[in-house]
Amino acid sequence: MEFPRPLAAPLAVVPIALIEGAVKLMFKSLLNRHPALFDRLGEHRGKRYAFCPLDLPLVFVVEPSRAAVLVTRKRAAAAADAVVEGPLFLLLALLEGRCDADALFFSRSLTVIGDMEAMLALRNALDGCEVDLPRDLGASAGPLSPLVSRTADAIRRRALAGENAAWN
Amino acid sequence: MELICPAGTPAAFREAVDAGADAVYCGFRDETNARNFPGLNFSREELGDAIAYARRRGAQTFVALNTFMRAGHEGLWYQAATDAVRLGADALILADFGLMAHVAETYPEQRLHVSVQASASNPDAVNFLVEAFGARRVVLPRTLTISDIARLARQIRCEIEVFVFGGLCVMAEGRCSLSSYATGKSPNMNGVCSPASHVRYRQDRGDLVSELGAYTINRFPRDEAAGYPTLCKGRFDIADARGYAFEDPVSLDVMDQIDALREAGVSALKIEGRQRGKAYVAEVVSTLRKALAATPEERRTLLARLRLLSEGQRTTSGAYEKRWR
């Protein structure tokens with residue numbers, strides 16, 4: 001499922017600092033829940049990884065060594081060692097290990113360029129963790145935790161329906 | 001028949017056990033196994049935890065030490081064997097005769113399986129390994145027909161395990177030098193086939209171009225399913241023709257032949273794919289577990305959806321139903 005265009009379009013004009021602030025909060029929450037997330041990267045921990053959702057006007061660059069995430073507009077060139085492109089919900093499914101990356105590559109749903117060794121290490125690192133975005137994001141939402149988890153879970157179910165992501 | 005399932009990470013291992021594996025095979029995070037990929041495999045502590053997890057649920061753990069030892073560095077393999085035995089591995093899967101001899105002498109009680117990488121495919125070869133090292137099971141290369149397997153089973157004195165689903169290699173397992181030729185690294189010695197460090201993908205006018213070292217492996221038009229960037233699955237210009245010189249980018253699936261394999265004397269069915277993610281492991285293991293108990297008609301329906309997870313999104317019965325010379 002593609003990210004709905006009416007929701008994606010405004011992101012082109014929302015101040016980037018605002019988007020980056022929200023993404024950083026989610027990223028920090030994820031790392032708090034999974035402190036060993038990048039342990040499997042080994043020598044590739046110092047690389048920069050870019051995630052380019054085809055249905056968003058944004059690029060997310062993750063730097064594991066600094067536990068940092070940067071958000072840029074697509075028109076600005078993002079310096080990265082390895083880049084993966086695909087629909088947002090498939091990228092999130094990969095983060096959770098919910099879809100098989102090789103199968104998505106065979107079906108041409110994903111494109112990977114750059115340092116393949118680094119990208120493979122990251123794929124395996126993510127797959128080795130048990131990220132569950134509704135649960136993990138809900139955990140840091142304080143009193144809103146049940147609402148955040150339920151909403152994120154409902155979005156995930158709808159987004160991945162028909163994507164052969166029946167795992168879990 | 002037992003279902004032997006792959007795991008590249010502890011998360012995939014738990015998925016395999018929960019999905020119904022009789023045994024899970026895995027390796028250490030180094031060149032002692034043929035899936036030495038970045039970010040993959042188990043630390044000693046992770047393997048110990050995995051073995052305990054499997055044992056609580058009645059499943060076994062096989063540890064693959066199936067690369068060939070480098071002269072002068074045998075200690076790495078010996079230590080891996082020592083640690084796997086200490087942690088309680090139910091079997092070691094070995095390819096190197098020197099390592100088999102070491103394990104047989106040092107740990108005579110340890111169950112030893114012959115890896116597909118040893119390429120033991122005739123009665124003399126298999127019986128030698130049984131007599132010399134006490135091998136209890138042989139994983140056969142994917143080069144034999146089901147009739148060949150039945151003939152072999154009558155002449156050997158150990159159990160037989162065969163691959164039934166997953167990636168397919170050229171018919172020179174344990175001896176293939178294609179990756180070594182292109183990159184200097186091979187699954188046999190370094191545990192990596194077409195290492196990611198030598199792989200490059202680029203987009204060219206909508207086509208996906210895959211390169212390995214100095215070689216262009218393939219060019220996939222926009223709507224064509226892609227394959228792995230290995231020389232054996234490369235599409236080349238040869239004389240006036242363009243095509244797959246070695247084999248097509250397809251995966252193995254002989255689950256529709258499991259009754260024949262059982263009758264042939266096969267004890268265990270193996271799924272390839274330690275490099276695949278936990279979603280793949282969970283899906284394939286649970287489907288094949290159901291297929292083992294299903295009727296032939298139900299099996300076809302169950303297995304049809306797995307094709308989408310396969311290389312090139314196509315499957316073949318390979319040499320099991322060999323129709324060529």
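Just need a number here: residues in the stretch B:196-209 that are in contact with a helix residue (DSSP H, G or I) (Cβ under 6 Å, 6 or more places away or on another chain) and not in a strand (DSSP E or B). Final tally of qualifying residues: 3. When you look at A:ARG40, is it of a type in the set (Lys, Arg), within 14 Å of another protein chain (Cβ to nearest Cβ) and touching a residue at least 60 places away in the same chain (Cβ under 8 Å), yes or no? For A:ARG40, the condition - of a type in the set (Lys, Arg), within 14 Å of another protein chain (Cβ to nearest Cβ) and touching a residue at least 60 places away in the same chain (Cβ under 8 Å) - is met. Considering the stretch A:131-154, and only residues there that are over 14 Å from the mean Cα position of the chain (by Cα) and not in a helix (DSSP H, G or I), the residue that is farthest from B:THR9 (Cα to Cα) turns out to be A:ALA141. If the condition is being surrounded by fewer than 23 Cβ atoms within 10 Å (Cβ to Cβ), in a loop (DSSP other than H, G, I, E, B) and modelled with pLDDT of 95 or more, then the stretch B:32-52 contributes only B:SER43.
All conditions in (1) away from chain A (no Cβ under 14 Å); (2) under 30 Å from B:GLY20 (Cβ atoms) hold for B:GLU247, with the sole exception of (2).
With respect to (1) assigned to a helix (DSSP H, G or I); (2) out of contact with any strand residue (DSSP E or B) (no Cβ under 9 Å at 6 or more places or on another chain); (3) within 28 Å of A:HIS44 (Cβ to Cβ), the lone exception for B:CYS193 is condition (1). The one condition from (1) at negative phi; (2) within 10 Å of chain A (Cβ to nearest Cβ); (3) touching a residue at least 40 places away in the same chain (Cβ under 8 Å) that B:LEU252 does not meet is (2). Entry remark, the stretch B:269-286: residues being at the interface with chain A (Cβ under 7 Å from one of its Cβ atoms) and closer than 11 Å to B:GLY166 by Cβ number 2 in total.
Filtered by the rule that a residue be in contact with a Phe, Trp or Tyr (Cβ under 9 Å, 6 or more places away or on another chain) and not in a helix (DSSP H, G or I), the stretch B:167-182 gives B:GLY167, B:VAL170, B:GLY174. Here is the figure for the stretch B:161-203: residues that are free of Cβ contacts under 8 Å to residues at least 40 places away in the same chain and touching a Leu at 6+ places or on another chain (Cβ under 7 Å) total 5.
Residues that are surrounded by 19 or more Cβ atoms within 10 Å (Cβ to Cβ) and of a type in the set (Asp, Glu): does the stretch A:101-114 have at least one? The answer is yes, given that some residue of the stretch A:101-114 is surrounded by 19 or more Cβ atoms within 10 Å (Cβ to Cβ) and of a type in the set (Asp, Glu). Within the stretch B:275-325, being touching a strand residue (DSSP E or B) at 6+ places or on another chain (Cβ under 9 Å) and either among the charged types (D, E, K, R) or assigned to a loop (DSSP other than H, G, I, E, B) (or both) holds for B:GLN275, B:ARG276, B:ARG289, B:ARG307, B:SER310, B:GLU311, B:ARG314, B:SER317. Scanning the stretch A:121-130 turns up one or more residues that are more than 8 Å from every other protein chain (Cβ to nearest Cβ) and modelled with pLDDT of 90 or more.
Condition (residue is of a type outside the set (A, V, I, L, M) and crowded, with 23+ Cβ neighbours inside 10 Å) applied to the stretch B:73-85: is it met by at least one residue? So far as the stretch B:73-85 goes, yes, one or more of its residues are of a type outside the set (A, V, I, L, M) and crowded, with 23+ Cβ neighbours inside 10 Å. Counted as qualifying within the stretch B:56-162 are the helices (runs of 4 or more DSSP H) with 2 or more residues that are in contact with a Ser or Thr (Cβ under 7 Å, 6 or more places away or on another chain), namely B:74-87. The lone criterion from (1) closer than 21 Å to B:ALA268 by Cα; (2) within 19 Å of the chain's Cα centre (by Cα) left unmet by B:ARG55 is number (2). When the stretch A:54-112 is limited to residues that are part of a helix (DSSP H, G or I) and of a type in the set (Phe, Trp, Tyr), the one that is farthest from the other protein chains (Cβ to nearest Cβ) turns out to be A:PHE89. Please enumerate the residues belonging to the stretch B:1-34 that are of a type in the set (Val, Ile, Thr), out of contact with any Lys or Arg (no Cβ under 6 Å at 6 or more places or on another chain), in contact (Cβ under 8 Å) with a residue 60 or more places away in the chain and closer than 25 Å to B:LEU140 by Cβ. The answer is B:THR32, and nothing else.
The values are calculated or read from the model by the stated rules, or taken from the named source; none is laboratory data. For clarity, every value in this text was computed on a predicted model and none was experimentally measured. Glycine gets a Cβ as well: all are built from the backbone with ideal geometry, and neighbour counts include every protein chain shown.
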